[in-house]
Every structure is written in structure tokens, then in C-alpha cells.
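FYI, it's all coordinate maths here, none of it is from the lab. Remember, it's a predicted structure, so these values are computed and weren't measured experimentally. Here Cβ is always computed from backbone atoms with ideal geometry, including for glycine, and neighbour counts include all displayed protein chains.
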Amino acid sequence: MPVSNLLLVILGLTAIAYYLGLRRSIRVAGAKGVRSLESLPSYYGLLTAVWCAVPALLVMLVWISAQDAVISNLVLAQLPADYSHMSPAQLTLVLNDIKNIAGQNIENATSSDAIKAAAEHYLSLQRIGLASMSVVVLSLAMLLTALLWKIIHPKLQARQQFEFIIKVFFLLSSLLAILTTVGIVLSVLFESIRFFHLVPISEFLFGLDWSPQIAIRADQQAASGAFGAVPLFVGTLLVSAIAMFVAVPIGLMSAIYLSEYADRKLRSIFKPMLEVLAGIPTVVYGVFAALTVAPFLRQFGESMGLDVASESALAAGLVMGIMIVPFVSSLSDDVINAVPQSLRDGAYSLGATQSETIRQVIIPAALPGIVGGILLAISRAIGETMIVVMAAGLSARLTLNPLEAVTTVTVQIVTLLVGDQEFDSAKTLAAFALGLMLFVVTLALNVIALHVVRRYREQYE
Amino acid sequence: MQKSVSIEQPVMDNMQPAKSIMVQSSKDTDFEFTGTVGNIAAANPRMVTRNVDVFYGEKQAIFDVSLDIGTNEVIAMIGPSGCGKSTFIRCLNRMNDTIESCKVSGEIRLDDKSIYRKKQDVVQLRARVGMVFQKPNPFPKSVYDNVAYGVRIHGLASNKMELEEIVVSSLRRAGLWDEVKDRLDAPGTSLSGGQQQRLCIARTIAVNPEVILMDEPCSALDPIATARIEELIDELRENYTIAIVTHSMQQAARVSQRTAYFHLGYLVEVGETSQVFTNPAHKLTEDYITGRFG
Ligand SMILES: Nc1ncnc2c1ncn2[C@@H]1O[C@H](COP(=O)(O)OP(=O)(O)OP(=O)(O)O)[C@@H](O)[C@H]1O
Ligand SMILES: [Mg+2]
């Protein structure tokens, strides 16, 4: 039975199980009526259905994921003697051949009879495997349904048990997300530790020279790369600072305008338009920065007698700032709106003007939330990649001059991993170390921001 | 049926059998407004309102209210919940301007000048007509700064000493000083509800408004603090004009000279407090103050 059909059958069985459980509970309630049951009849049905479906599906999952390995081993063991002394790598190739033939039924002229026989064998094993899986899974489902049917009695706490199972499901889903995150973090961490075996951590954190060109052959020039990340950190900070310099005033002022001055109609037009900015893909911003803003700045600089690089921190920072404006404005707008109207009324009733009220009552009241929003925006700026890749440059120069090209942590991660890589060279591993730095910084910013925002929320709840 | 009622305790006995009948007779549909009973004019009016209608969007909350508020008098506004007391009192310093859907029409004058005229500066108006809100709304600033805020924005103190003096005396008069004198730096929001209410009263009197609007200033206060606020109101009356909304008959009777009874957005009756409480002219007023309705 193919897997999809099997799934359909299990679904059907589950529906039947639900019905059986429901009927059974009403039966055992007998003359005393369903009120004598611990739970509503539908919960007995649900519980039965869950016991019918879940173990069967789990067994099916495990079976399918294990079957291929088992069958492969069996097939390889059956191969003629001259295959038995092959290396594991060669065996893998042979196995691939077998599977190709089995899977596509194509006659490969070069393959030997032994391989063809093995493919036949492989197919038959697969059929047997699927058939026995169907039998096992279906009987398990039916067995458990029958078991539940037997044990249903008025004192069975079906609702509690069902809800417990549901709770476990929720727990597992959230665990899955958390475990994935933890997995990523751990892998980044371990790869970084490997990197720090090759390059001392002090050199990475405090070195002023970044040129990760490891020679492929020992006799090449520049045989040793330099992994001092300070120019990248400085570049990142420079671009982010320029971005925040643009985003914070514009975002904050537009938030104040929208929430305090604009009437409802204007607000209903402006706010979505601002939020459209947030929906523009960053690569589009990157194109804009590289092809429009950067040349413009260059020309403008020339006319002023300034030397502006064609890729500059300024161009990237300005465009990134525009990108972040909606972040700052919509978060600030939310917190400003969350300041209760009664505080405004209080200030107005004392004869405060609107601007006094905004400056002296509303902004201070909303400040923690605004700060939280800004911190989130900073972490966004630091992690932003596309714009800087396209507009900030690749050369790691240690400078604070916004008119020069700089490079950032994210840009270097991209360049380190683009193209063919040797997986355990220092150059590749450096990307993990940079990623780790990025992760640590943005995590810290997020934690602080969340903490600040939460404190703010508590104040008004 | 008892006609006259003692001021100190609205009579609650003799009420049970009558209740169901009376409630029915005061349903919306049964209520027909035929004009305010009693004298709406005050001898020496400070604020004058004529034919005031207030709408929240489509819904009318105040219907054709005309009422004078006399100089140096305390006028109490009473009436069942939702009858429009807050709405009306908020018209008197144009606090309703902050509610987008709220439209006010009619005539409201302060010292014979319309406060809704084009040239009226609302900021000026609110500096002259202060307000204590139904729900305490201290700023998230320190206790001291809460009181000092209005004084500062109006430049009422020329130096730190003077400012401190105003703050301390306002807190004293609001009966809060003893409780907060050791924690003037604590956030105003950290005080208890009743303390916050008194803080808001202190904040309002610190800027010396000429007219003070109080919307249930004692709703969160214990009897002792209430007595203190009532004392304050008595004391303020010598120099100021006060409109107070209250749900407590006793309080209205104790602090006010005139009383206005609102019902479903209409001003049903207004008169001398002693008359309204001992000898109400309108049936609805009588039902309300004797506790049969509302
Ligand atoms: N902001 C608003 N928007 C719409 N309707 C409102 C608003 N504020 C009050 N109302 C309505 O106006 C009517 C009068 O309300 P108001 O707050 O003036 O009553 P009140 O007499 O002060 O009641 P309470 O004694 O409960 O404080 C009520 O029906 C209320 O639903
Ligand atoms: Mg009210």
C-alpha cells in the first residue's frame, strides 16, 4: 500500500475511532445518562481518535526513516564477494547505482548483472517493507482503538487526558523552534571555537588588519591571512550610526506627528504608506543605494571639492536609515498611542499647550518604549546585509570617514562564503566567528530592548 | 410616601416595596422632558451656559442644558451614572475638544465671554478653569514634579524656594503632605489610588485656577481624606468658583450651595441645595435622592 493511501486509511480509522469512542461512552453511561460521565462524550471520542492516530503515525514515521538504511545494508550484504572488499565510499557509489536502476527502471548498459540483480532485490525488499509497515501500522491503530473501547468507563477522565496530550503537542512544537535555535547557536559556537584554534581570539577581537586571503598552495604569495576584525566592527558601527542618525529623528518625528497632530483621515493614509517602506525587499534598497544614492553623493561631493568613494559608508547608511524609519516610527507610534489619554487630559487641564504636553508628558512617559524600539532598530541595522553588500564596499579599511568605502561584518560573512570553499580553512571558519559576534551583539540588544519595553508596559497595566 | 428627607441620610427604608414600580416609571420612554425645574440663574454668575447640546458622533449626550455657576459658589451636579455629568462639566473648560467625535453647541461663557469663540485660547482657558478628573491621572513623574509641573509651565514661581513653597502648601491643602513628605521623589504613579486622587487635586490647585471643576474627586477616598477634601472645597470657595460632580448625596448636601440634578442628558432640576434635598420639585429628583432610582 503506498504511503499516501495508508495515510488516508489511518484518517478513516481515526474518524471511526472517534465515533466508536463517542458511542461507547454513551453506552457505558447507560441509563444514568451522559451527565454521569467524567467528561463530555465527545472527549471520549477525541481520546480514542488520538490513541488510534498518533502512535500509528509515529511508528510510520520511524519506519519510513529507518527502512532505507536497513534495506541498503541487506542489499549490500547480498552482493557477490568481489564487492565486499570495497571501501565505504565505493560502496556508496554502488548503492547509488542500484537505487537509480531500482527507482527509474532504466537499463544502464554499463551496470553489471550483479548490480541489476541487486536492484531487483532492493525493489522486492522495499515492497515487503511497505507491506509489512502497512500491516503493523494499521493493526496498531486498530488494536489501540479496541483497547480504548475496552477501557472507556464513566470514571475515565477523558477530557483531562485529551487536554494533557494536546498540551504535550504544544510543548513539542515550541520545543522544536527552541531546539532549532539552540542547534544553530551551538553549531556557530563550535565552528567559532575551531576558528579560534587557528586564529587566537585576541587577534580576532583586537587585530586591526583584515585580509582573509589564505593561500590555496603553500608556495603562493600572502600565504597567511590576517583576521583582525576591528575594521569590520568599526565599519558596521559607522554604517549603523549613520542609519540611526537618519532613522531616529525622522521616525520619531513622524510618529509624533501621526499620533498627536494628524487627524484620523490623514493618519489612515500616512501610516500604511510608511509601513509600505518596511515591505520593500532590502535588495531593492541595495540597488537604490548603489545605483542612485552613491553616484549622487559622489557627484555632489565632487562639486564641493570632496573626494567621495563610489561605494561609501554614507550611501549605505543613508539608505539603511530610510529602510529603518518605519521600524522606529511604527514602534514609537504604538508606544505613544499606548500613553493613556487621561495623561494628556491631565496636562491640558493644567493649561499645558500641545507641544508642552508632548515634550514634557507624553515623550517622557513613552520614552522607555521608544528606547526599546530604537534598540530593536539598531540590531536590525547591524544585521542588515543586502544594502551594505551592494553599497558599502568590500575593502576592510579602518576609518571613521563616512565618505570612504568601508565593509561590515555581514558583508564579510557573505564574501567569505561566496564561491568554492574548503570547509575547514580558517577563511571559512572566520564566517562563523563573525556570525557569532553578530549574534551576541544583536541578542544583547534585543534582550535589553525587550526588558525595557516590558518595564514600560507594566507601568500602564 | 415621605415628602421631605433628612439631609444627613437619604431615607432608605420604606423603599423596597416601592422600588419596582418606581424603576418602571422612570424608563427612558416614560420620561418626558418639559423644561428644567427651578432657577437656573445665579445671582452673580461666573460661568453661564445656555442651550448646550453635546453629541458623541450621532449620539446626543446632553440636551439643551442652561445653567449658571455663581461666583464663589459650589455647585453640585448629581444624577445617575451615564446621565452626562462628566460630559457637561468637561464642556466648561473645553476638555471635550480632545475627543474627536465630540461636538458641543450652544452658549458657554466665562465672565461674559464665550469660551467657544474663535479667538479664545484654550490653553489660557484651561489655566483659568482647572479640572480634577474622575479617574486619578498622575503623570509618570515624581510626586514633587507632578505638583510643580503646572506651576513651572505657567511661570508662577520665580525661584526654587517659591516653587517648593507652592508645592508643599498645595500638598498640605489636599491633605496629602503627611503621607508623601518623605517620598517626594517617588513616582506619582506609585501612590495608592486615593493618594493619587489627592495628588491630582494638589496639582490642580497649585496653578491657582479661578474655576475648579471636580469630577467625583472623592470617589477613591476614605472618609478621613474625604473630610479633608470637603474642608478644602469650603476653604477654596472664598476665592474660587467650584463645580463638583458627586455620587454622594451627603457630600453634595455638605459642600454645595446649589445642586443640579441631571437625568439622561437633561438638566431636570436645579436650585438651592437645601431646597433640592428637602423639598425636591421634580418627581425624578425626589426618586433619586431618596434612593429609589439610580
Ligand atoms: N468618549 C465618549 N464617546 C462616546 N460616548 C461617550 C463618551 N463619553 C461618554 N459617552 C456617553 O455619554 C453619556 C454620558 O456620559 P458621562 O461620562 O458624561 O456620564 P456621567 O454622568 O459622568 O456618568 P458617571 O456617573 O458614571 O461618571 C453616556 O451615555 C456615555 O456612554
Ligand atoms: Mg462621570
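Working note: Karplus 6.51/-1.76/1.60 with θ = phi - 60° gives segment A:329-345 the couplings 5, 6, 5, 5, 4, 4, 5, 5, 5, 6, 5, x, 4, 4, 5, 4, 4 Hz, where Gly and Pro are set to x. Counting neighbouring Cβ atoms within 10 Å and putting the fewest first, the residues B:S66, A:S132 line up as A:S132, B:S66. When only the Cβ of Lys, Arg, Asp and Glu is charged (+1, +1, -1, -1), the dipole of segment B:21-289 relative to its Cα centre reaches about 700 debye. Across the options B:A61, B:C102, B:V270, the greatest Cα extent toward the positive end of the charge dipole of chain B (unit charges at beta carbon of Lys, Arg, Asp, Glu) belongs to B:C102. Take every pair of alpha-carbon atoms less than 8 Å apart whose residues are at least six positions apart; their mean separation over the length of chain A yields a relative contact order of 16 percent. Note on segment A:3-156: along the principal axes its Cα atoms extend 76, 26, 17 Å, ordered by decreasing extent. This model, with +1 at the C-beta of Lys and Arg and -1 at the C-beta of Asp and Glu, gives the protein assembly as shown a dipole about its Cα centre of some 1780 debye.
Inter-chain Cβ neighbour count for B:86-95, averaged per residue, equals 1 (cutoff 10 Å, partner chain atoms only). Taking Cα centre as origin and charging only the Cβ of basic (Lys, Arg, +1) and acidic (Asp, Glu, -1) residues, the dipole magnitude of segment A:3-156 rounds to 1360 debye.
Please give me the summed charge of the neighbours of B:R117: other residues whose Cβ is under 12 Å from its Cβ, Lys and Arg +1, Asp and Glu -1.
With Lys, Arg at +1 and Asp, Glu at -1, the neighbours total +2.
Taking 12 Å as the straight-line reach from the Cα of B:K135, the aspartates and glutamates in range (excluding those fewer than 8 positions away in the same chain) are A:D345, B:D215, B:E216. Cα-based values for segment A:333-414, radius of gyration first and Dmax second, are 20.4, 59 Å.
Modelled this way, with points 7 Å down the Cα-to-C-beta line, the labels at A:V34 and B:N159 are 8.4 nm from one another. Each principal axis of the Cα atoms in segment B:158-262 has its own extent, and those three values, largest first, are 43, 29, 19 angstrom.
Summarising the amide proton neighbourhood of B:Y266: residues at separation of 5 or more, or on other chains, whose placed amide H is nearer than 5 Å comprise B:F63. For segment A:39-89, the convex hull spanned by the alpha carbon atoms encloses 67 Å³ per residue. Segment A:29-102 and segment A:246-271 have Cα centres separated by 57 Å. What's the long-distance tail for segment A:347-461, i.e. % of Cα pairs beyond 22 Å? The answer is 55 percent, as a whole percent. Against the empirical 2.2 N^0.38 Å (N residues), segment A:153-215 has a Cα radius of gyration ratio of 2.26. For chain B, what is the percent of antiparallel DSSP beta bridges, rounded to the nearest 5? Here the antiparallel bridges make up roughly 60 percent for chain B.
Less than 12 Å Cβ to Cβ from A:K265, Lys/Arg counted +1 and Asp/Glu -1: what total charge do the surrounding residues give? In short, +1. Amide H to amide H, with H built 1.01 Å from N, B:G79 comes under 5 Å of B:F262, counting only residues 5 or more places away or on other chains. Multiplying the residue separation of A:F270 and A:I151 by 0.36 nm and subtracting their alpha-carbon distance yields 36.6 nm.
On a per residue basis, the convex hull of the C-alpha atoms belonging to segment A:1-55 measures out at 62 Å³. Note on segment A:3-156: dipole from Cβ charges, positive end direction compared against A:A102, A:S39, A:S132; the farthest Cα belongs to A:S39. Each DSSP beta bridge with both residues in the protein assembly as shown is either parallel or antiparallel, and the antiparallel ones are about 60%. Based on DSSP H segments of at least four residues, each scored -39500 (n - 2.57), chain B has a per-residue ellipticity at 222 nm of -10000 deg cm²/dmol. Rounded to whole numbers, the Karplus 3J(HN,Hα) couplings from phi for segment B:191-197 are 6, 6, x, x, 5, 4, 4 Hz, using 6.51 cos²θ - 1.76 cosθ + 1.60 with θ = phi - 60°, and x at Gly and Pro.
Couplings for segment A:172-179, taken from phi via the Karplus curve 6.51 cos²θ - 1.76 cosθ + 1.60 with θ = phi - 60°, read 4, 4, 5, 4, 4, 4, 5, 5 Hz in order; Gly and Pro are left as x.
I need to check one value: relative contact order of chain B, counting alpha carbon pairs closer than 8 Å and at least 6 residues apart, in percent. Rounded, it is 30 percent for chain B. Set against the 2.2 N^0.38 Å expectation for a compact globular protein, chain B has a Cα radius of gyration ratio of 1.03. Taking every C-alpha pair closer than 8 Å and separated by at least 6 residues, the mean separation divided by the residue count of segment A:318-371 gives a relative contact order of 47 percent.
Grouping the Cα pair distances of segment B:37-145 into 5 Å bins from zero gives a pair-distance distribution of 2, 10, 20, 24, 21, 12, 7, 3, 1, 0 percent in increasing distance order.
Quarter the surface of the alpha carbon convex hull of segment B:75-207 and you get the mean projected area, 9.8 square nanometres. Express in whole angstrom the spacing between the alpha-carbon centres of segment B:152-209 and segment A:292-327. Their Cα centres are 52 Å away from one another. Give me, ordered by chain and number, the residues 5 or more places off B:S142 or on other chains with an amide H under 5 Å from its own placed amide H. HN-HN under 5 Å from B:S142: B:G188. The convex hull around the C-alpha trace of segment A:210-460, projected and averaged over every direction, spans 16.6 square nanometres. When every Cα-Cα distance of chain A is counted in 10 angstrom steps from zero, the calculated P(r) takes the values 4, 13, 15, 15, 16, 18, 13, 5, 1, 0 percent.
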